[in-house]
Structure formats: C-alpha cells, structure tokens
Amino acid sequence: MTKSKHIAEASIAYQSAVTTDLAVPLVIERDGDPFAVLIPYDEYQRLRTIETTTAYHQTRAWEELEALLSTLHGQPTGLTSEEIESEITAAREEVRVYRRAHHRGH
C-alpha cells in the first residue's frame, strides 16, 4: 500500500471517486490536509485482525511478565540492589540490540 489517490472532501459528492476501484488507498483531504482513507473492506479486515492479534499478544506478554516478576520477587537472592540494577540494565540493552537488528531485517 505505498501508492494512494487523493481527493478533496467536497469532491466526494460530485465525482465518482467513491465508486472507483480501490486498488490503491483513496486519501480524503479537508483543506489540503489528509483526514481519512478509503480502503477495500478486505484490507480493513486484515488490518483489524493484525490490531486484535497484536493487542492479544501484548496483553499475554504483560501477564507473563507480571507472573514472572511475582515469582522472582518471592525468591531470596544474594545480590545487592546495585547488582540487580546492573543486570536489569544489561538485559534492557540486549533487548534494544535485538530489536534494532530485527527491525533492520524487515
């Protein structure tokens, strides 16, 4: 979906643009500023599925993290606060490096 058509809001009532083939998104503008996009219904459904799936996975990930943290907090440790903070900082950096590498791959 890299290409798109543009149409001014007032033009919708006067042109057959609404019934046009939506092979590419139709961007609707108001005073020259885009404010809506018409896309094929199949594409809308696909995007909604992605949104729903992503939200589900994010919720599950947070639930799993909370459970893990609850388990970890219940266990005694011989580490100092500074050592724990250092481990957390290192883990965050590992995630950042992984995400950057993964993002570049797409």
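Other residues within the sphere of radius under 14 Å centred on the Cβ of Thr54, judged by their own Cβ, net out at +2 (K and R +1, D and E -1).
When a/c is below 1.5 the answer is rounded, else prolate if a/b is larger than b/c, else oblate, so apply that to the range 47-106 with a ≥ b ≥ c taken from the square roots of the Cα gyration tensor eigenvalues. Since a/c reaches 1.5 but b/c is at least a/b, the shape of the range 47-106 is classed as oblate. In loop segments of the range 45-106 as defined by DSSP, there are no chymotrypsin sites (Phe, Trp or Tyr not before Pro) with at most 13 further C-beta atoms inside 10 Å of their C-beta. When you filter the GluC sites (Glu not before Pro) in the range 36-106 for DSSP loop state and at most 13 other Cβ atoms inside 10 Å of their Cβ, nothing is left. In plain terms, the chain from Glu82 to Ala55 could stretch by 6.3 nm, reckoned as 0.36 nm per residue minus the Cα-Cα distance.
Read the figures in this text as sums done on the coordinates, not as results from a lab. What you see is a predicted model; the values in this text were computed from it and never measured. Because the Cβ atoms are built from the backbone with ideal geometry, glycine has one as well, and the counts that use them run over all protein chains shown.
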